[in-house]
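What follows is calculated from the coordinates using simple rules that are stated; it is not laboratory data. Treat the numbers as computed from the prediction; the structure is a model and nothing was measured. Positions of Cβ are generated from backbone atoms using ideal geometry, with glycine treated the same way; all protein chains shown enter the neighbour counts.
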Amino acid sequence: MKTIILAGGSGERFWPLSTVQTPKQFLTVFGEKTLLRQTFERLSFRASPKDIYIVTHKNYKEKTLSEIPELPEENILLEPSKKNTAPACTFASLNFQNNETIFIVPADHYIPQTEKFWHCVEKAQRFLEDHEGIITFGIVPSRPETSYGYIEIDEQIEQDIFSVKLFREKPNYETAVEYVNSGSFYWNSGMFMYKKDYFVEQMKKHAPQVIEPFLNQTDIESVYQKVPSVSIDYALMEKADRIYMVKSDFIWSDVGNFKSLKDLGIKNSPGVVLIDSNAFVKTTKPTMVIGLKDVIVVETENGILIADEKQLERIKEGLGKIG
């Protein structure tokens, strides 16, 4: 099995902790190791470094090598521009033999239970030995979460493995409550596994505009000029002929924004005083928050963010105005 780590983050959602020069995967938000380093160590718990690949932007080559010196340099696959996850998965997958099993993993997720994680990975790997299709990993929801997409399951194929009925977009709170109460919906982890030949077949059928530039052109710069910017979920996962889901009960977060850190119990910085407030505060200065609910305050040398936690997706909008 070959594992592909997707590490093409742009550093926007965690501004001002992250920047274009230091995107989220290089942040140390849990302990002293970066998210990218933690992802690599989780995978190398069972996999050999020679079987682990990282897809990232060419600007992050040296930073990636510094974080993961065990990785062979040729296993760092460099994109000339950022075109979302469908081109990244295609670029990486075409490097392998047709019958190779490929496991796709984002670089910036929080998964502290390594053995439980690998139990699910190996279950998926065994399933693919006898079944053709794409396997995704559905996280057992612990709450009605509105910031995650959901997977709706259909029939059970074997223990803890189901056929997928539909992928659902991020719901409102009332819909999320219905999903969780039904027992038929799981958080979409964004991790999946397939055989290379099935992936290529399905991409040709459902997303030819993504895969054909790679098949018809050898120069990667030219390919990325032609290929559209599109997510693998939209390009393939929502359309593929056979999708299965492994029920996954390990602790997981996509660490999507500062609210994710708050939800995971990351503490405020020392010297923060809250008075009649519910706030997540990261700062190097003594800071007082009075009478504010669900607010995020982050201060670094790059700038200061003060935001309603329900509007964190507007950071990109603000960065466009800051320039």
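What the table below lists for this structure:
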read-out: Which of Met288, Met245, Met237 has the fewest Cβ neighbours within 10 Å, and the rest in rising order; value: Met288, Met237, Met245
read-out: Net lengthening on full extension, Asn302/Lys239 (0.36 nm per residue, minus Cα-Cα); value: 18.6 nm
read-out: Antiparallel content of DSSP bridges confined to the stretch 110-249, in %, to 5; value: 75 percent
read-out: Per-residue Cβ neighbour rank within 10 angstrom, fewest leading, Thr28, Thr39, Thr3; value: Thr28, Thr3, Thr39
read-out: Spin-label model distance (nm) - Met1 vs Thr175, 7 Å beyond Cα toward Cβ; value: 3.2 nm
read-out: Cα-Cα over 32 Å, subset of Lys33/Lys204; Lys195/Lys321; Lys58/Lys239; Lys247/Lys285; Lys116/Lys321; Lys82/Lys195; value: Lys33/Lys204; Lys195/Lys321; Lys247/Lys285; Lys116/Lys321
read-out: Relative contact order, percent, the stretch 219-314 [alpha-carbon distance under 8 Å, six or more residues apart]; value: 16 percent
read-out: Extension gain from Gln125 to Gln21, taking 0.36 nm per residue of separation minus the Cα-Cα distance; value: 33.9 nm
read-out: Fewest-first sequence of Phe167, Phe214, Phe103, Phe137 by Cβ atoms within 10 Å of each Cβ; value: Phe167, Phe214, Phe103, Phe137
read-out: Normalised contact order of the chain, rounded percent, pairs of Cα under 8 Å and 6 or more residues apart; value: 20 percent
read-out: Sparsely packed GluC sites (Glu not before Pro) within the stretch 131-188, loop by DSSP, other Cβ within 10 Å at most 16; value: Glu132, Glu169
